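For reference, the structure discussed in these notes is given below.
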């Protein structure tokens, strides 16, 4: 029989108030408090806190506090990734981010979702869909990336966009809902 954590990571309905999950979220929140209260002149402290909060990060993760996430441990981050101020990552299941990807301020990444049936939703269960963001991507400020979305390599997402469907490699996409505006490949 699967644990609630295993169900959560597999995208199945699970109980978020499970004691193991509650403990892990509490640990993440304490690390976020430490990170978000760190000073600019304490880079070593920030680095050590980030290693604990996001253990699956590559080299040179640069994150400008404040930053918020559910677990941190469900983020798989490449090298030289940058998060600007006030980003939120609801990493209920896996969020994969390629190297050299940049996030503007207030970007929201949501893997968490809820049942559409009100009776099931009222029972307290929820689920999640993984998100994949390629390498060399630039996500503009205040963009929202919805559950289950993939964004291709070298793509730019315009500020304020709501990404509800997959976006391919090498395009500029924007809007609500986000759609491809043009190719970035020079012909």
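Structural remarks
- Selection from the range 138-151 of residues that are under 19 Å from residue 185 (Cβ atoms) and surrounded by 19 or more Cβ atoms within 10 Å (Cβ to Cβ): 151
- Consider the range 109-122 and keep the residues that are farther than 19 Å from residue 57 by Cβ and assigned to a strand (DSSP E or B). The one that is nearest to the chain's Cα centre (by Cα) is 110.
- Residue 105 being touching a helix residue (DSSP H, G or I) at 6+ places or on another chain (Cβ under 6 Å) and either assigned to a strand (DSSP E or B) or surrounded by fewer than 17 Cβ atoms within 10 Å (Cβ to Cβ) (or both): no
- Scanning the range 48-61 for any residue that is at pLDDT below 95 and either surrounded by 13 or more Cβ atoms within 10 Å (Cβ to Cβ) or farther than 23 Å from residue 141 by Cα (or both) turns up nothing.
- Among the residues of the range 123-142, those that are closer than 25 Å to residue 169 by Cα and either modelled with pLDDT under 95 or part of a loop (DSSP other than H, G, I, E, B) (or both) comprise 129, 130, 134, 135, 136, 137, 140, 141, 142.
Here is a yes/no grid of residues against (1) touching a residue at least 24 places away in the same chain (Cβ under 8 Å); (2) within 12 Å of the chain's Cα centre (by Cα); (3) surrounded by fewer than 16 Cβ atoms within 10 Å (Cβ to Cβ):
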site	(1), (2), (3)
72	yes, yes, no
91	no, yes, no
95	yes, yes, no
124	yes, no, yes
136	yes, no, no
181	no, no, yes
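- Subset of the range 6-24 [in a helix (DSSP H, G or I) and surrounded by 15 or more Cβ atoms within 10 Å (Cβ to Cβ)]: 7, 8, 9, 21, 24
- All positions within the range 22-48 that are touching a helix residue (DSSP H, G or I) at 6+ places or on another chain (Cβ under 6 Å) and over 11 Å from residue 72 (Cα atoms): 34, 35, 38
The values are calculated or read from the model by the stated rules, or taken from the named source; none is laboratory data. Fair warning: this is a prediction, and the values are worked out from it, not measured in the lab. Glycine also receives a Cβ, built like all others from the backbone with ideal geometry; neighbour counts cover every protein chain displayed.
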